[in-house]
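What follows is calculated from the coordinates using simple rules that are stated; it is not laboratory data. What you are looking at is a predicted structure, and each value in this text was computed from that prediction instead of being measured. FYI the Cβ positions are ideal-geometry reconstructions off the backbone, even for glycines, and counts take in every protein chain you see.
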Protein chains: 2
Amino acid sequence: MKKKNQIISLILLLVAGLCTAQTSSEVVEDFKPSTLNQPQKEYPQVNSQGYARFKIEAPEAQSVVVSLGLGGTKGGTPLTKVEDGTWMGTTAGPMDEGFHYYHVTIDGGVFNDPGALNYYGSVRWESGIEIPAHDQDFYALKDVPHGKVQQILFPSPSTKTSRRAFVYTPPGYDKNQSERYPVLYLQHGWGEDETAWSNQGHANLIMDNLIAEGKIKPFIIVMTYGMTNEVKFGGLRNFDITPFQTVLVDELIPYVDSNFRTLDDQAHRAMAGLSMGGMETKTITLNKPEVFSHYALLSGGVYAPEDLKDHSNLKLVFISCGSKERPDGVKNAVVALKDAGYNAVSYVSEGTAHEFQTWRRSLHELAPLLFKK
Amino acid sequence: MKKKNQIISLILLLVAGLCTAQTSSEVVEDFKPSTLNQPQKEYPQVNSQGYARFKIEAPEAQSVVVSLGLGGTKGGTPLTKVEDGTWMGTTAGPMDEGFHYYHVTIDGGVFNDPGALNYYGSVRWESGIEIPAHDQDFYALKDVPHGKVQQILFPSPSTKTSRRAFVYTPPGYDKNQSERYPVLYLQHGWGEDETAWSNQGHANLIMDNLIAEGKIKPFIIVMTYGMTNEVKFGGLRNFDITPFQTVLVDELIPYVDSNFRTLDDQAHRAMAGLSMGGMETKTITLNKPEVFSHYALLSGGVYAPEDLKDHSNLKLVFISCGSKERPDGVKNAVVALKDAGYNAVSYVSEGTAHEFQTWRRSLHELAPLLFKK
């Protein structure tokens, strides 16, 4: 028995040695603070391979687990206590490029990382981390003319309150007083709100950069809160579109058309949404073909040709998702739409899943296709 | 000895009984979720007397302390573990009316309350709680015409980046294309940023309501980040105003004047700031008398008459603070300014300290005095 134990020990040592060797040769020690950290915060950090490293101060905690992780670490990345009373840990592998939500579980309670900025997702303000993407240039803050993101409070008789929306107006909007602009209504996903497309999505920077490069004709983007039903976990099945459709079509659109210099006809109005916002886009565009002429679903389902048979003034259908979602479903749906004679375009974001990098790229692909005719 | 111990025990029991009786007769059990809670979150709560009650889930934590508190609980309000694995506690007394920052220390680490929205203060995003104020109507969201809060990104050659500011434009700004407006440059305090006056201060709602009541002539408010020096704790003594003064006077003001319909002369430009923003206001207005005509310091120091002797086009000096700060200093300074012939006004916010309720009220008092001549 003793010999057998010795052999097992030897094997374990060899395996441990291999694992260590593998890890140390794999993880490049060039970690830098995430670009989404709060001012002056050193952690979380990201390396050139996309590994994320966390450091949380909680000297007397029993356990600290970060929800972000992959591969071998189901349930996130457990942190280990280091000598100075802080907890540290690195994801078991590289994360997908782009933005990720996460939180920290301290002794069984869910909190945010004090080092990171917060972003509204999962019906709470979550910590955010940015894994630098190879194509991050298209949403970078550059020295180009910048549009404005405006908060408006529009009257909503149907919900008996003033509701908030953010409106992106392109550079030059205030100076070109004779010019009128088309409008894209752009919806967030489940658990997010009207801040998501600017904060996580950089929709304004994507537009500023595309306009500066001369790749699109400027248009306005309007982003409002789409969860008028206060949907809770699992409640999507019972989702009733009517309250939000009323807010969007009967309240917000007339407000925007009377307070901004819009081209206020169906030909110059688009609707797009990500995830649950795609579901809303599909339902509302099918209910209201007289309101929108350009439809876009970002990781949010597909249209079948028969859905669109009465949509004679439809100008564009755009359907996208990440390559780690169901790209074949998106591609096949667009092939069917094209075969039926529709102007349909598919886009698959390489190497990304149901997350914001997919949707940033989707907006970047969609914008040049809008309002071309 | 035994008898003496018995007597002491009896006294202790009596004291304990008195304390308990006092507490239970004092704290009214009408707690409601704070209006600044994240959607669907029940805690933190506030009662009609201004007590705050916290509930934090952290089943295996050793200690949970909320930084908000007063009176007997130095260092905040310690929470007690209750049967279901959560921690609860109530402040030892009523809190001042209005907005308060706080955080939660879990096992020695500083986190935010997952129930509350976050606000940027103390150079971090902190939890926020709102103690309903008797005068909260003046910053309530009402069914009146609303202005817009716009995010702008303006070029800043001196700091080699695009910098962010928020611009409040009053209701009707977009429709009254021939009208030009005066501008108030309004600064946040130490550790805060350009989001503070809208998020914590409700500057936009204060303006919307004053305009709806016909109490002020509409003007524009511009709010930008004033901590260009990356001031750290204790660093205010070495604060150099030059970088921020350059950003404000040489970069932001020209940008605002060329991108908004402003009255772009000294007579129609005001500067105000709270706390450190008051210090900045004082320094910059004294350095640049040709740029501003209305000066306001909110819990941010005072002017002496001799400071202003070369300010021939000065129209108004406004100085305020909370009654729990140094109200006599503010009142005496204004008496001296008046005696010297200046149009000076003091304001003391009753029952508040160095906190946002003081500054909301100060803006509400200041706004009707601006740009009257």
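Converting phi to 3J(HN,Hα) with the Karplus coefficients 6.51, -1.76 and 1.60 and the offset θ = phi - 60°, region B:145-155 yields x, 10, x, 10, 10, 10, 8, 10, 10, 9, x Hz in sequence order, with x at every glycine or proline. Simple point charges give the picture: +1 on the Cβ of Lys and Arg, -1 on the Cβ of Asp and Glu, and for the protein assembly as shown a dipole about the Cα centre of about 300 debye. Ordering B:195-208, B:331-344 by mean Cβ neighbour count within 10 Å, with the highest value first, yields B:195-208, B:331-344. A 19 angstrom limit on the alpha carbon distance is what I want to check against. Which of A:LYS148/A:LYS372; A:LYS32/A:LYS324; A:LYS148/A:LYS217 exceed it? Flagged as over cut-off: A:LYS148/A:LYS372; A:LYS32/A:LYS324.
When chain A is treated as a Gaussian network with alpha carbon springs shorter than 10 Å, the biggest mean-square fluctuation among A:GLN150, A:GLN187, A:GLN177 belongs to A:GLN177.
Let me check I've understood the local charge: for A:LEU286, count other residues with C-beta under 13 angstrom from its C-beta, Lys and Arg +1, Asp and Glu -1. What total comes out? With Lys, Arg at +1 and Asp, Glu at -1, the neighbours total -2. Each label point was placed 7 Å from the Cα along the Cα-to-Cβ direction; for A:VAL335 and B:ASP137 their separation is 6.7 nm. Taking a straight line from the alpha carbon of B:LYS215, these aspartates and glutamates sit under 20 Å away, with near neighbours fewer than eight places off in the same chain left out: B:ASP135, B:ASP137, B:ASP143, B:GLU179, B:GLU365. About the centre of its Cα atoms, chain A shows a dipole size close to 500 debye [charges on the beta carbon of Lys, Arg (+1) and Asp, Glu (-1) only; nearest 20 debye]. Could you work out how far helix A:327-339 tilts from the main Cα principal axis of chain A, as a 0 to 90 degree angle to the nearest 10? Rounded to the nearest ten degrees, it is 20. On a per residue basis, the convex hull of the C-alpha atoms belonging to region B:32-132 measures out at 97 Å³. Computed over the protein assembly as shown, the alpha-carbon pair-distance distribution with 20 angstrom bins reads 15, 45, 32, 7, 1, 0, each value a whole percent.
Rg then Dmax, both in Å and based on the Cα atoms of chain A: 23.6, 91. Counting Cβ atoms of other protein chains within 10 Å of each Cβ in B:150-162 and taking the mean gives 4.
Across peptide A:255-266, the mean count of Cβ atoms from other chains lying within 10 Å of each residue's own Cβ comes to 1.
In this structure, the amide hydrogen of B:TYR51, modeled 1.01 Å from its nitrogen in the peptide plane, lies closer than 5 angstrom to those of B:MET95, counting only residues at least 5 positions away or on a different chain. Counting, for every residue in A:56-63, the Cβ atoms of other protein chains within 10 Å of its Cβ and taking the mean gives 5. Shape class of region B:76-230 from the Cα gyration tensor (axes a ≥ b ≥ c, square roots of the eigenvalues): oblate, since a/c reaches 1.5 or more and a/b does not exceed b/c. Distance between the pseudo-spin-label points of B:LEU286 and A:ASP307 (7 Å out from Cα toward the beta carbon): 6.6 nm.
Ranking B:PHE239, B:PRO182, B:ALA336 by how far each Cα lies toward the positive end of the dipole of chain B (charges on Cβ) leaves B:ALA336 at the top. The amide H of A:LEU70, built 1.01 Å from its N in the peptide plane, has A:ALA92, A:GLY93 as neighbours under 5 Å, considering only residues 5 or more places off or on other chains. Positive-end ranking of B:ASN259, B:TYR173, B:ALA367 along the dipole of region B:137-369, with charges on Cβ about the Cα centre, is headed by B:TYR173. Most simply put, the protein assembly as shown has about 65% antiparallel DSSP beta bridges, counting only bridges with both residues inside it. Ranked by the mean number of other Cβ atoms within 10 Å of their residues, highest first, the peptides B:347-360, B:136-149, B:267-280, A:122-135 fall in the order B:267-280, B:347-360, A:122-135, B:136-149. Under the shape rule built on the C-alpha gyration tensor, where the axes satisfy a ≥ b ≥ c, region A:115-188 is oblate, since a/c reaches at least 1.5 while a/b does not exceed b/c. Which residues does a label at B:ASP328 reach in region B:291-319, if reach means a backbone N under 20 Å from a point 7 Å past the Cα toward the Cβ? Counting only backbone N, you get B:299-305, B:319. Between A:SER63 and A:GLN40, residue separation times 0.36 nm minus the direct Cα-Cα distance comes to 5.7 nm.
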